[in-house]
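What follows is a short report on a single structure.
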């Protein structure tokens with residue numbers, strides 16, 4: 001039982017923490033691999049939520065990048081940068097506190 005809990009906590013932490021790596025495909029691949037490889041339902045839910053967060057950050061980064069081109073998106077882009085750092089930290093704290101409860105990012109669209 002303890003081994004399953006440790007594995008679940010590790011997989012969930014890797015999924016949520018991958019956004020802190022970079023905005024490359026590697027950070028997208030980590031939760032995708034966890035989602036496809038693991039058979040633990042809760043770890044899959046954590047990976048799915050992390051993938052949804054990645055998709056939302058990419059979408060809003062694209063939109064705010066276009067708005068930055070017309071000089072009204074700088075504040076939004078800075079706010080998105082803070083959200084990209086702060087929300088995954090909250091997710092990691094939640095995972096380490098209670099790995100059986102799936103962390104749900106606020107203010108995102110859940111596509112998966």
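Since every read-out is calculated from the coordinates, none of them should be taken as a lab result. None of the values given here were measured: they were computed from a predicted structure. For neighbour counting, all protein chains shown are included, and Cβ atoms are generated from backbone atoms with ideal geometry for every residue, glycine included.
To test your reading of the geometry: what angle, between 0 and 90 degrees and rounded to tens, separates the Cα axis of helix 74-97 from the longest principal axis of the chain?
10 degrees
For the chain, set up a GNM with springs between Cα atoms under 10 Å and report which of 79, 61, 17 has the largest fluctuation.
Judging by the Gaussian network model, the answer is 79.
Give the angle, between 0 and 90 degrees and rounded to the nearest 10, that separates the Cα long axis of helix 25-37 from the longest principal axis of the Cα atoms of the chain.
30 degrees
Run the helix sum for the chain: -39,500 (n - 2.57) per DSSP H stretch of 4+ residues, divided by residue count, reported at 222 nm to the nearest 500 deg cm²/dmol.
So the calculated ellipticity at 222 nm is -25500 deg cm²/dmol.
Suppose each label sits 7 Å from its Cα in the direction of the beta carbon; what would the residue 26-residue 78 distance come out to in nanometres?
Result for the modelled spin labels: 2.9 nm.
What percent does the relative contact order of region 2-97 come to when contacts are Cα pairs within less than 8 Å and at least six residues apart?
31 percent
For a quick check: sort 95, 70 by the number of other beta carbons within 10 angstrom, fewest at the front.
If I rank by nearby Cβ atoms, fewest first, I get 70, 95.
Could you pull the Rg and Dmax for the chain, using just the Cα atoms, both in Å?
In Å, with Rg to one decimal and Dmax whole: 14.8, 55.
For the Cα atoms of the chain, what angle does the longest principal axis make with the long axis of helix 2-17, in degrees from 0 to 90, nearest 10?
In the chain, helix 2-17 runs at an angle near 10 degrees to the longest axis.
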